[in-house]
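Working notes, structure below.
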């Protein structure tokens, strides 16, 4: 069953993306779960390794139905806030009971709060989802030594602009790449992803 997955990796504007994820909300977890969605757990474990303090608030950007927040909670993070474009997805996140705050945001908007030293954008940036500009928004919002965990699936890795966006931060020394690993994303359909942890200099 890949009813929505087949659509998810097609480029579209922000309004169409919101509609897609609103429509997908009810079946999202069943569909990605059927294929063994592994990236949230990989990202949460990577962030925990470098975060040090798991009591510090984490922003789960593009939290969807809360699978990423649940993975962060299971990894030991105590205070998690989530933001997403889709009101329907946020209903699913609320039902998880793992978030302190949940906010609906507009595409390209600045963050509702900027006091996060830890941030996650798990399965968020890529074809049919958020553009690489999101990485820049999140990195600009981080304080010095703040850490961002994020992922690019194989479809996102086919677009050179995505890894070039990471290089914009690392090549000039504005951020340090602490972690990068290619591994399972949706193993049921043979899709993999890179997980990254960046630390702002």
For region 163-170, indicate whether the set of residues that are in a strand (DSSP E or B) and surrounded by fewer than 14 Cβ atoms within 10 Å (Cβ to Cβ) is non-empty. no
Search result, residues across region 71-115 that are at pLDDT 95 or above and either out of contact with any strand residue (DSSP E or B) (no Cβ under 8 Å at 6 or more places or on another chain) or part of a loop (DSSP other than H, G, I, E, B) (or both): 75, 76, 77, 78, 79, 99, 100
Residue 149, sole failed condition from (1) touching a helix residue (DSSP H, G or I) at 6+ places or on another chain (Cβ under 8 Å); (2) in a loop (DSSP other than H, G, I, E, B): (2)
Within region 127-136, which residues are free of Cβ contacts under 8 Å to residues at least 40 places away in the same chain and outside any loop (DSSP other than H, G, I, E, B)? 133, 135, 136
When region 55-64 is examined, which residues are found to be part of a loop (DSSP other than H, G, I, E, B) and within 17 Å of residue 150 (Cα to Cα)? 57, 62, 63, 64
Identify, from the list 58, 124, the residue that is buried (at least 24 other Cβ atoms within 10 Å of the Cβ), within 25 Å of residue 162 (Cα to Cα), in contact (Cβ under 8 Å) with a residue 60 or more places away in the chain and under 16 Å from the mean Cα position of the chain (by Cα). 58
Looking at 109, 95, can you tell me which residue is loosely packed, with under 15 Cβ neighbours inside 10 Å, over 15 Å from the mean Cα position of the chain (by Cα) and over 26 Å from residue 174 (Cβ atoms)? 95
If you check 175, 156, which single one turns out to be farther than 22 Å from residue 118 by Cα and crowded, with 19+ Cβ neighbours inside 10 Å? 156
Failed item in (1) touching a strand residue (DSSP E or B) at 6+ places or on another chain (Cβ under 6 Å); (2) more than 18 Å from residue 72 (Cβ to Cβ), with residue 149 passing the rest: (2)
Here is a list of conditions, (1) crowded, with 19+ Cβ neighbours inside 10 Å; (2) in contact with a helix residue (DSSP H, G or I) (Cβ under 7 Å, 6 or more places away or on another chain); (3) touching a residue at least 24 places away in the same chain (Cβ under 8 Å); (4) more than 22 Å from residue 179 (Cβ to Cβ), and residue 81 meets all of them except one; can you say which number that is? (2)
Subset of region 186-201 [assigned to a loop (DSSP other than H, G, I, E, B) and either in contact (Cβ under 8 Å) with a residue 40 or more places away in the chain or touching a strand residue (DSSP E or B) at 6+ places or on another chain (Cβ under 6 Å) (or both)]: 201
If you go through region 137-185 one residue at a time, how many are without any contact (Cβ under 8 Å) to a residue 40 or more places away in the chain and on the phi > 0 side of the Ramachandran plot? 1
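The values are calculated or read from the model by the stated rules, or taken from the named source; none is laboratory data. None of these values were measured; they are calculated from a predicted model. Using ideal geometry, Cβ is built from the backbone for each residue, glycine included, and neighbour counts are taken over all protein chains shown.
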